[in-house]
Amino acid sequence: MDNRVFIAQCDTYDQAEAAVGRVLDAFGGAEAILGGKKRVLVKPNLIMPKKPESAATTHPAVIAAICTAFVKEGAEVTIIDSTGGPHSKPVLKMLYGKCGMKEAAAQSGAVLSFNTKNRTVKIPDGRIIKKASILAPVLDAELVITAAKAKTHSMQAMTGCMKNLFGCVPGMGKPVLHGKYPKRTDFAGMLVDLCEFIKPAFSILDGVWGMEGAGPTGGEPKHLRVIAGGLNPYAVDVAQCHLMGLRLDSVYSITEAASRGLAPNDPAQLEWLGDDPAPLRQQFTPAIKHKSGAVPKVLDNCILCGDCVRICPQKCMAVKEKQIVVEEKKCIRCYCCHEFCPAKAISVE
């Protein structure tokens, strides 16, 4: 278990290239991470089409810096993600444009993937999930880099490098898995199984601006001033949890990874490299009280777009008499509706 995590203070995104360079150099640079491989896939967190300043998605300056470093070493670098809605070329075009990935690719020499194919693969060592549909470009890559965003999360307490890989499941396959694994502990186990199957070669966290409160999409930006990275995604997640002032035992995916011997169960067990994390540490407001079992409540600012109805894995939401109604008994508290509401009109407090 590699517990090294490099912390680079990064006050603005103008400093992202230098900060990412410091992180990579601590592990031998892009050349060492490549290890002779060429086909690299960079997986940002592009949960929905939002502008970078919303702090909901990995900032394009960070993605451009990562891609540039590997392109300079002769790698063929591809950028891809999938939202929780339909995984189609028009959706990807809108997603890449809104999130700044088009500019990041042009600046770095990487390419944007519009390949919408996926394949069902067996996960023989999975404890929770034994097979899954995974984006074809992920499966075809020789090396995957998870480039996460520091955010609180309504279901799993925190989004990090490990959970970012859930985006490798195509589009509407995500709510299907939410429906199949409604318990937070089982869902966390599924996330660890996916991470172990994909085995990212490197993990980078965009924490220059993170998100607190009603994350992963409806919260408020918070200036964390950090870009972090390491070879072990679980170790980077532990570092992120500590920097955000969250309790490790509140993050189900970290607890699950630690139980498997994949992550330390104490930030003190990390090998902290780079800048001193102590002055950078902050207290992020958690998304919700995770044992509250709150049923989503539709607020008055609902625009009746119907995204929550389409995304709900239990089909317990419907439009009736010009309002969204929730069938409480069927709700599994996955909070997909809250996560993907473009109007921030669903409360889970």
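Each residue in the range 206-232 was checked for being farther than 25 Å from Lys50 by Cα and open to solvent by less than 10 Å² (accessible area, probe 1.4 Å), and 1 pass.
All conditions in (1) open to solvent by 50 Å² or more (accessible area, probe 1.4 Å); (2) farther than 26 Å from Leu34 by Cβ; (3) among the basic types (Lys, Arg) hold for Lys117, with the sole exception of (2). Taking the options Ser203, Ser154, name whichever one is under 20 Å from Ser54 (Cβ atoms) and polar (S, T, N, Q). Answer to the selection: Ser154.
Screening Lys174 with (1) modelled with pLDDT under 95; (2) under 18 Å from Thr146 (Cβ atoms); (3) surrounded by fewer than 20 Cβ atoms within 10 Å (Cβ to Cβ) gives one miss only, at (3).
Here Ala294, Ala318 are screened, and the one residue that is surrounded by fewer than 18 Cβ atoms within 10 Å (Cβ to Cβ), touching a residue at least 24 places away in the same chain (Cβ under 8 Å), closer than 22 Å to Gly179 by Cα and not basic (Lys, Arg) is Ala294. Taking Pro86 as the residue in question, decide whether it is open to solvent by 50 Å² or more (accessible area, probe 1.4 Å), of a type outside the set (Asp, Glu) and either at pLDDT below 95 or closer than 16 Å to Asp193 by Cβ (or both). Criteria met by Pro86.
Let's see how each residue does on (1) farther than 25 Å from Ala257 by Cα; (2) among the basic types (Lys, Arg); (3) open to solvent by less than 60 Å² (accessible area, probe 1.4 Å):
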residue: Ile7; (1), (2), (3): no, no, yes
residue: Gln15; (1), (2), (3): yes, no, no
residue: Val23; (1), (2), (3): no, no, yes
residue: Phe27; (1), (2), (3): no, no, yes
residue: Ala30; (1), (2), (3): yes, no, yes
residue: Pro44; (1), (2), (3): no, no, yes
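Scanning the range 321-339 for residues that are open to solvent by 30 Å² or more (accessible area, probe 1.4 Å) and not in a loop (DSSP other than H, G, I, E, B) yields Val325, Val326, Glu328, Lys329, Lys330. State whether one or more residues within the range 240-253 are crowded, with 24+ Cβ neighbours inside 10 Å, of a type in the set (S, T, N, Q), assigned to a strand (DSSP E or B) and touching a residue at least 24 places away in the same chain (Cβ under 8 Å). Taking every residue of the range 240-253 in turn, none turns out to be crowded, with 24+ Cβ neighbours inside 10 Å, of a type in the set (S, T, N, Q), assigned to a strand (DSSP E or B) and touching a residue at least 24 places away in the same chain (Cβ under 8 Å). Collect the residues in the range 46-69 that are under 14 Å from the mean Cα position of the chain (by Cα) and hydroxyl-bearing (Ser, Thr, Tyr), keeping them in residue-number order. Thr57, Thr58 - these are the residues of the range 46-69 that are under 14 Å from the mean Cα position of the chain (by Cα) and hydroxyl-bearing (Ser, Thr, Tyr).
Okay, residues lined up against (1) under 17 Å from the mean Cα position of the chain (by Cα); (2) modelled with pLDDT of 95 or more:
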{"residue": "Pro221", "(1), (2)": "yes, yes"}
{"residue": "Glu271", "(1), (2)": "no, yes"}
{"residue": "Asp276", "(1), (2)": "no, yes"}
{"residue": "Lys291", "(1), (2)": "no, no"}
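Of the residues making up the range 297-315, just one is open to solvent by less than 40 Å² (accessible area, probe 1.4 Å), assigned to a loop (DSSP other than H, G, I, E, B) and either over 17 Å from Gly84 (Cβ atoms) or free of Cβ contacts under 8 Å to residues at least 40 places away in the same chain (or both), namely Gly306. Of all residues in the range 211-237, exactly one satisfies the criterion of being charged (D, E, K, R) and either assigned to a loop (DSSP other than H, G, I, E, B) or closer than 16 Å to Pro44 by Cα (or both), namely Asp237.
The values are calculated or read from the model by the stated rules, or taken from the named source; none is laboratory data. Quick caveat, the model's predicted, so the values are computed rather than measured. A quick note on method: Cβ atoms are made from the backbone with ideal geometry, for glycine too, and the neighbour counts reach across all protein chains shown. Remember, those area values only see protein heavy atoms, side chains included, never the ligands or the DNA or RNA. Shrake-Rupley method; radii C 1.70, N 1.55, O 1.52, S 1.80 Å.
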